[in-house]
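Trainee: Questions regarding the structure given below will be posed in turn.
The values are calculated or read from the model by the stated rules, or taken from the named source; none is laboratory data. Values in this document were obtained by computation on a predicted structure and should not be read as measured data. Virtual Cβ from ideal backbone geometry, glycine too; neighbours counted across all protein chains shown.
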């Protein structure tokens, strides 16, 4: 385990060293960015819409019993922006895009295409890993913002359509606007950036470590998804702890 962590840190350091040359791979970055949005946008919207609705459906009647139904917008907004949107979208991207990254790079490793790149004096980190890390770092925060907006809209729909909640659209979004501050948005954005880098690095690392033919590719994909989810949840606590400490 510690060897894998060391290799992951070393890979991140190498990607950081190649970052000034990322503009040379702008076409591959654009392709990966399109893949992230095209593969996940619809699912992210549907998932976030219903998650926001569930939060509103479960919390709204309890708040109404206490005469606090006017606070529902802030509750849904802060839950989505600070916590649920970054974590849910990171897990979704790990399963949809991270697995594809691990499979693609893993197949290139198994069929010796990466060795061919080295023979042609092409750095695999620059050619394969860097565009994926940059695209993930740009794409996931954008997806998180979209997810938070969809979740808030879902919560507002449920609040307006449920008699037991007694909170209309105007009241919901007024409280949302009053409760959510710029620092809250930046907290969710920071988590999204950290998670994006980790998911991309883990997925590419597992692909580069693939051995053993098609069965090895399957194992690498599974490890990439599972390890990404575990790291996202651990980092979620650590980043939240750091933010609370700095406040």
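Trainee: In the range 214-242, how many residues are surrounded by fewer than 16 Cβ atoms within 10 Å (Cβ to Cβ) and in contact with a helix residue (DSSP H, G or I) (Cβ under 6 Å, 6 or more places away or on another chain)?
Mentor: Selection size over the range 214-242: 0.
Trainee: Also, quick follow-up: For residue 59, which of the numbered conditions (1) over 30 Å from residue 156 (Cα atoms); (2) buried (at least 20 other Cβ atoms within 10 Å of the Cβ); (3) modelled with pLDDT under 90 fails to hold?
Mentor: If we test residue 59 against (1) over 30 Å from residue 156 (Cα atoms); (2) buried (at least 20 other Cβ atoms within 10 Å of the Cβ); (3) modelled with pLDDT under 90, just (1) comes out false.
Trainee: Here is a follow-up. Evaluate the range 149-171: report whether one residue or more is surrounded by fewer than 18 Cβ atoms within 10 Å (Cβ to Cβ) and at positive phi.
Mentor: Checked the range 149-171: at least one residue is surrounded by fewer than 18 Cβ atoms within 10 Å (Cβ to Cβ) and at positive phi.
Trainee: Just for the range 1-15: of the residues that are part of a helix (DSSP H, G or I), closer than 19 Å to residue 207 by Cβ and without any contact (Cβ under 8 Å) to a residue 12 or more places away in the chain, which one is farthest from the chain's Cα centre (by Cα)?
Mentor: Out of the qualifying residues, it is 3.
Trainee: Take the conditions within 22 Å of residue 28 (Cα to Cα), touching a helix residue (DSSP H, G or I) at 6+ places or on another chain (Cβ under 9 Å) and either assigned to a helix (DSSP H, G or I) or modelled with pLDDT under 90 (or both) and apply them to residue 156. Does it pass?
Mentor: Against the criterion (within 22 Å of residue 28 (Cα to Cα), touching a helix residue (DSSP H, G or I) at 6+ places or on another chain (Cβ under 9 Å) and either assigned to a helix (DSSP H, G or I) or modelled with pLDDT under 90 (or both)), residue 156 does not qualify.
Trainee: Does residue 144 satisfy being in contact (Cβ under 8 Å) with a residue 24 or more places away in the chain and under 26 Å from residue 88 (Cα atoms)?
Mentor: Here the answer is yes, as residue 144 does meet what is asked.
Trainee: Then there's this: Kindly list, by first and then second residue, each pair from a residue in the range 99-115 that is without any contact (Cβ under 8 Å) to a residue 24 or more places away in the chain and on the phi < 0 side of the Ramachandran plot to a residue that is surrounded by 19 or more Cβ atoms within 10 Å (Cβ to Cβ) and not in a helix (DSSP H, G or I), limited to pairs with Cβ atoms under 7 Å and residues at least 6 apart or on different chains.
Mentor: Note: no pairs meet the criteria.
Trainee: Can you pull out every residue in the range 172-199 that is surrounded by 23 or more Cβ atoms within 10 Å (Cβ to Cβ) and either at pLDDT below 90 or in contact with a strand residue (DSSP E or B) (Cβ under 9 Å, 6 or more places away or on another chain) (or both)?
Mentor: Listed by number, the list holds a single entry, 172.
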